[in-house]
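First the structure, in the form of structure tokens, and then the observations on it.
The values are calculated or read from the model by the stated rules, or taken from the named source; none is laboratory data. These numbers come from a predicted model, not from an experiment. Positions of Cβ are backbone-derived with ideal geometry, glycine not excepted, and every protein chain shown enters the neighbour counts. Calculation scope for accessible area: heavy atoms of the full protein, side chains included, ligands and nucleic acids excluded. Shrake-Rupley method; radii C 1.70, N 1.55, O 1.52, S 1.80 Å.
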Amino acid sequence: MGKTLSQIAQAVGARVLGDESVVVSGVASLESAKPCDLVFVEDGRNLPAALQSQAAAIITGKANENYNSTKPLLISEQPRLAFARAAALLSLGKCADPWVHPSAIVHVSASLGKNVSIGAHSTIDENVTLGDETRIGPGCHIGRGVQIGARCSFLANVTIYPGAQIGSGVVVHAGAVLGSDGFGYVCDTATGRYEKFPQIGKLIIEDNVEIGANSTVDRGALDVTRIGRGTKIDNLVHVGHNVLIGEDVVIAAQTGISGSSVLENGVIVGGQVGIADHVRIESGAILGAQSGIPTKKIIRGKGVVFWGTPARPIREYLKELAVLARLAKK
Amino acid sequence: MGKTLSQIAQAVGARVLGDESVVVSGVASLESAKPCDLVFVEDGRNLPAALQSQAAAIITGKANENYNSTKPLLISEQPRLAFARAAALLSLGKCADPWVHPSAIVHVSASLGKNVSIGAHSTIDENVTLGDETRIGPGCHIGRGVQIGARCSFLANVTIYPGAQIGSGVVVHAGAVLGSDGFGYVCDTATGRYEKFPQIGKLIIEDNVEIGANSTVDRGALDVTRIGRGTKIDNLVHVGHNVLIGEDVVIAAQTGISGSSVLENGVIVGGQVGIADHVRIESGAILGAQSGIPTKKIIRGKGVVFWGTPARPIREYLKELAVLARLAKK
Amino acid sequence: MGKTLSQIAQAVGARVLGDESVVVSGVASLESAKPCDLVFVEDGRNLPAALQSQAAAIITGKANENYNSTKPLLISEQPRLAFARAAALLSLGKCADPWVHPSAIVHVSASLGKNVSIGAHSTIDENVTLGDETRIGPGCHIGRGVQIGARCSFLANVTIYPGAQIGSGVVVHAGAVLGSDGFGYVCDTATGRYEKFPQIGKLIIEDNVEIGANSTVDRGALDVTRIGRGTKIDNLVHVGHNVLIGEDVVIAAQTGISGSSVLENGVIVGGQVGIADHVRIESGAILGAQSGIPTKKIIRGKGVVFWGTPARPIREYLKELAVLARLAKK
């Protein structure tokens with residue numbers, strides 16, 4: 001099941017210094033490494049510790065290419081990335097064989113690709129499409145008309161409401177809910193009572209998105225909620241109706257995004273951030289943890305970190321904190 | 001399956017200008033409207049766009065009743081509300097036929113009303129009561145002795161702990177947990193270890209409440225947790241033990257309400273608000289997103305918005321922010 | 001099914017004043033007490049109300065030992081704790097008989113202790129170990145190789161990813177997800193795209209931990225996530241990868257703890273607290289609700305309450321708030 005360093009180097013774009021024929025079968029941290037494992041060190045500082053670990057070989061950066069190493073080194077310009085790719089390569093083929101569990105309920109009209117897996121007690125409703133090699137865990141519910149691409153992985157107890165369109169290579173962790181009704185009501189001014197505004201729009205999730213455990217993504221009210229290619233969403237995140245999230249956006253745990261807000265490509269959002277409705281976060285902006293963006297606000301600044309509620313550039317916020325602390329000490 | 005404009009106007013309390021016999025079968029946004037759809041515009045500003053859409057007819061306000069329209073108009077005093085009601089009317093009868101899936105486990109002592117639906121792999125424990133036309137989605141667990149009224153809808157993978165009492169017309173979204181143990185422990189001062197305080201009270205949810213995906217509502221410790229008629233709760237909200245929520249309260253996503261707090265009728269709570277224990281939010285107060293209410297605090301003021309942590313009237317809070325920004329710029 | 005006051009007094013370490021042969025069968029609040037119930041009052045103030053309740057007997061503190069009571073009293077140094085223990089004692093044996101539901105899917109290689117219960121539609125994967133008297137609710141998924149000790153209780157729709165190690169006496173509420181992938185990616189600087197960093201570490205949960213509904217706990221990336229003995233975690237809490245939580249820690253609802261942070265023994269964390277990555281909260285510190293701890297910060301101070309973002313000792317924070325309010329009023 002292992003790979004030679006030569007095979008790995010070729011796959012991840014690294015260069016081997018030392019014995020190319022050494023075989024590794026997994027990746028590990030320096031502390032937990034066994035003799036069959038590959039480890040990595042970002043820079044020279046941890047290289048001696050890596051050499052003292054039980055690991056078979058070490059991925060590291062160019063700074064170490066002249067190091068007189070007692071273990072083979074794989075030299076990469078992005079050693080952390082090379083390590084991530086090596087891990088992915090070594091985990092290939094470790095999945096169980098594809099299998100539709102006999103307790104799964106699959107509607108006769110559902111269309112299943114090649115090598116699809118469906119876990120115990122899952123339900124696949126009418127007109128669902130599952131692409132090749134997609135895996136649905138146990139206890140999932142995939143609603144009517146949901147379309148899912150190839151090589152997706154849905155862990156246990158995931159719920160997808162009817163009509164969602166999901167690309168390929170998407171990973172959705174346990175307990176996540178996709179395509180739920182948005183939070184939209186109309187108050188009858190005569191009675192003060194709320195009546196439900198229609199929540200009948202779409203949810204589109206593009207390729208290679210990953211969504212964390214127990215996160216919730218509402219579908220559009222009348223239009224669409226969209227999560228762009230490659231975006232990564234952590235646990236317990238809330239995405240409201242009509243939200244448009246671009247490509248390669250990163251959203252940490254427990255952040256909430258209210259209706260109709262837009263996050264452009266490459267935005268980075270810390271944990272517990274609150275984004276009100278109709279906000280626009282422009283490409284490359286960074287929102288610090290727990291910051292809050294008020295309604296209709298536009299956040300602009302490539303690489304600029306915003307912090308606080310209401311969020312402002314972190315330099316301003318830190319200066320305010322310093323001024324306030326000084327005044328309180330008088 | 002459609003309705004004439006005349007039928008809709010009568011049901012939603014609007015007046016038709018133009019051909020009353022036109023039939024519509026759904027609602028849509030201006031962008032997504034098809035020729036069989038009804039759309040709405042709040043005011044005159046979007047009326048030209050609505051007329052250029054493919055929609056069959058337009059719901060709008062009194063301001064437009066003299067507009068020389070090329071499509072039939074339904075004139076309403078509350079056009080958004082009329083649109084919501086039209087959508088509800090047009091979606092009637094679109095549900096699948098009632099059916100208890102053969103894989104559902106229903107205890108012999110459970111009492112099922114007329115036209116009840118129970119999804120695949122759900123479990124209905126002993127002495128559960130389900131009212132007429134109530135629908136339980138797939139993968140739900142309804143605990144011992146739970147009483148549920150008529151016309152409720154529980155989406156997939158919902159869990160209800162034993163003994164909860166739920167009214168009629170209640171909607172609970174996927175993954176929500178109702179009636180779980182409150183967070184109550186007693187610290188043994190001799191050992192510093194925590195032991196569980198009994199969490200054996202009730203959960204009462206009144207008619208027409210809606211609860212979002214993956215929200216959690218704890219039952220009372222010894223007494224009751226209650227959510228009043230018509231209250232709407234968004235996704236990932238936490239309601240602690242012994243909390244009393246009044247009628248027509250609106251609570252946005254990721255808000256948390258600690259033990260024994262009271263929210264009176266008509267309170268509006270933004271997203272990610274934190275309400276500590278034994279707080280009272282009086283009728284008509286509005287809590288801005290991410291605000292925090294400390295223990296035992298009373299918040300009073302009909303229509304007043306509170307913001308910040310600790311929450312204060314928004315005018316004060318904004319003034320403080322302005323003063324601080326000015327000082328930091330010196 | 002009841003117990004005499006004499007039996008209860010012996011079990012919880014209290015002393016009976018009055019008729020020791022009185023039998024009680026449950027606990028209750030003063031408001032809800034029935035004639036078979038035991039109630040408690042912390043101090044003398046509520047004793048008259050307790051005597052007017054329907055309760056059979058009252059647990060109370062030493063201050064009341066000379067009170068001329070019309071009902072039997074159980075005198076304890078820690079009356080709240082004695083009440084909690086009495087409740088636990090009286091609830092013993094109220095569980096349903098152990099039973100593996102025929103719809104549960106249990107892999108032939110799983111090892112089940114004595115008197116194990118497994119609910120309907122649960123799946124127990126290969127090489128899972130369940131200790132004596134452990135109860136798995138309906139709709140749970142226990143992944144490959146998970147080890148669970150004795151007397152645990154997993155409520156409905158819980159998901160445990162492969163390989164987690166869980167001690168004895170652990171309670172996990174409905175919808176919780178344990179052992180999910182951490183949020184770790186490497187950005188390819190050439191393309192700006194994120195690739196998954198391996199999330200293949202362990203999750204270890206020690207004895208007597210309780211985890212609330214819909215909370216999520218990620219396993220280690222390469223190493224371990226650990227939750228120490230006796231720690232109590234509320235609903236909708238997020239624990240990131242490689243987090244180390246000590247013993248007897250209390251974490252209120254909706255708090256999030258980012259990767260590699262450490263919470264030492266006896267830490268108390270309020271609701272909606274945000275703890276960034278690589279933080280250390282030293283033993284005995286208290287984090288107020290909604291406070292935020294920035295990356296790599298060390299929080300030190302036994303019994304000191306920290307508040308605000310970034311968190312500072314509450315005295316400082318309150319002084320800053322007061323200064324700011326004063327300036328804004330000028």
Condition broken by A:Asp125, with the remaining ones in (1) open to solvent by 20 Å² or more (accessible area, probe 1.4 Å); (2) within 14 Å of chain B (Cβ to nearest Cβ); (3) over 19 Å from A:Ser180 (Cα atoms); (4) not small (Gly, Ala, Ser) satisfied: (3)
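For (1) charged (D, E, K, R); (2) farther than 26 Å from C:Glu316 by Cα, each residue gets a yes or a no:
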residue: A:Val249; (1), (2): no, yes
residue: A:Gly259; (1), (2): no, yes
residue: A:Glu264; (1), (2): yes, yes
residue: A:Ser283; (1), (2): no, yes
residue: A:Gln290; (1), (2): no, no
residue: A:Pro294; (1), (2): no, yes
residue: A:Lys297; (1), (2): yes, yes
residue: A:Pro313; (1), (2): no, no
residue: A:Leu321; (1), (2): no, no
Residue list for the range C:202-217, filter: open to solvent by 10 Å² or more (accessible area, probe 1.4 Å) and facing chain A (nearest Cβ under 9 Å): C:Lys202
Considering residues of the range B:241-254 that are at the interface with chain A (Cβ under 10 Å from one of its Cβ atoms) and assigned to a loop (DSSP other than H, G, I, E, B) only, the residue farthest from A:Asp181 (Cα to Cα): B:Glu247
Every residue from the range A:289-303 that is of a type in the set (A, V, I, L, M, F, W, C) and either assigned to a strand (DSSP E or B) or loosely packed, with under 15 Cβ neighbours inside 10 Å (or both): A:Ile293, A:Ile298, A:Ile299
Out of A:Ala328, A:Ala311, sole residue that is at the interface with another protein chain (Cβ under 9 Å from one of its Cβ atoms), more than 13 Å from the chain's Cα centre (by Cα) and closer than 22 Å to C:Gly308 by Cα: A:Ala328
Filter result (open to solvent by less than 50 Å² (accessible area, probe 1.4 Å) and more than 7 Å from chain B (Cβ to nearest Cβ)) within the range A:188-199: A:Gln199
The range C:21-45: number of residues that are touching a strand residue (DSSP E or B) at 6+ places or on another chain (Cβ under 9 Å) and closer than 17 Å to C:Ser69 by Cα: 11
First in the range C:301-328 and on the phi < 0 side of the Ramachandran plot, second anywhere and open to solvent by 50 Å² or more (accessible area, probe 1.4 Å) and part of a helix (DSSP H, G or I), Cβ under 7 Å, 6 or more apart: C:Val305/C:Ile314; C:Phe306/C:Ile314; C:Trp307/C:Ile314; C:Ala328/B:Glu316; C:Ala328/B:Lys319
Filter pass, C:Leu112 being farther than 18 Å from B:Gly201 by Cα, among the aliphatic types (A, V, I, L, M) and modelled with pLDDT of 95 or more: yes
Exclusive hit being more than 20 Å from A:Asp234 (Cα to Cα), in contact (Cβ under 8 Å) with a residue 12 or more places away in the chain and either crowded, with 24+ Cβ neighbours inside 10 Å or aromatic (Phe, Trp, Tyr) (or both), set A:Gly139, A:Gly163, A:Gly179: A:Gly139
Condition check for B:Lys71: modelled with pLDDT of 95 or more and open to solvent by 30 Å² or more (accessible area, probe 1.4 Å): yes
Residues located in the range B:273-288, provided they are more than 11 Å from chain A (Cβ to nearest Cβ) and open to solvent by less than 10 Å² (accessible area, probe 1.4 Å): B:Ile275, B:Val279, B:Ile281, B:Ala285, B:Leu287
Of residues in the range A:255-272 being more than 9 Å from chain B (Cβ to nearest Cβ), in a loop (DSSP other than H, G, I, E, B) and free of Cβ contacts under 8 Å to residues at least 60 places away in the same chain, the one nearest to A:Asp223 (Cα to Cα): A:Ser260
Where a residue in the range C:51-70 is on the phi > 0 side of the Ramachandran plot and its partner, wherever it lies, is of a type in the set (Gly, Ala, Ser) and open to solvent by less than 40 Å² (accessible area, probe 1.4 Å), with Cβ under 7 Å and at least six apart: none
Verdict on C:Val243 being under 25 Å from A:Ala33 (Cβ atoms), of a type in the set (A, V, I, L, M, F, W, C) and either in contact with a helix residue (DSSP H, G or I) (Cβ under 8 Å, 6 or more places away or on another chain) or open to solvent by less than 10 Å² (accessible area, probe 1.4 Å) (or both): yes
All positions within the range A:26-53 that are surrounded by fewer than 15 Cβ atoms within 10 Å (Cβ to Cβ) and among the polar types (S, T, N, Q): A:Gln52
Within the range C:277-309, tally of residues that are of a type outside the set (A, V, I, L, M, F, W, C) and either touching a helix residue (DSSP H, G or I) at 6+ places or on another chain (Cβ under 6 Å) or more than 22 Å from B:Thr295 (Cβ to Cβ) (or both): 11
Qualifying residue in the range A:88-111 (condition: touching an Asp or Glu at 6+ places or on another chain (Cβ under 6 Å), open to solvent by less than 20 Å² (accessible area, probe 1.4 Å) and free of Cβ contacts under 8 Å to residues at least 60 places away in the same chain): no
Of all residues making up the range C:218-233, the number that are within 14 Å of B:Tyr194 (Cβ to Cβ) and either within 9 Å of chain A (Cβ to nearest Cβ) or open to solvent by less than 10 Å² (accessible area, probe 1.4 Å) (or both): 5
So A:Glu316, is it open to solvent by 10 Å² or more (accessible area, probe 1.4 Å) and at the interface with another protein chain (Cβ under 9 Å from one of its Cβ atoms): yes
Only one of A:Ala150, A:Ala156 that is touching a residue at least 24 places away in the same chain (Cβ under 8 Å) and either more than 13 Å from chain B (Cβ to nearest Cβ) or out of contact with any strand residue (DSSP E or B) (no Cβ under 6 Å at 6 or more places or on another chain) (or both): A:Ala150
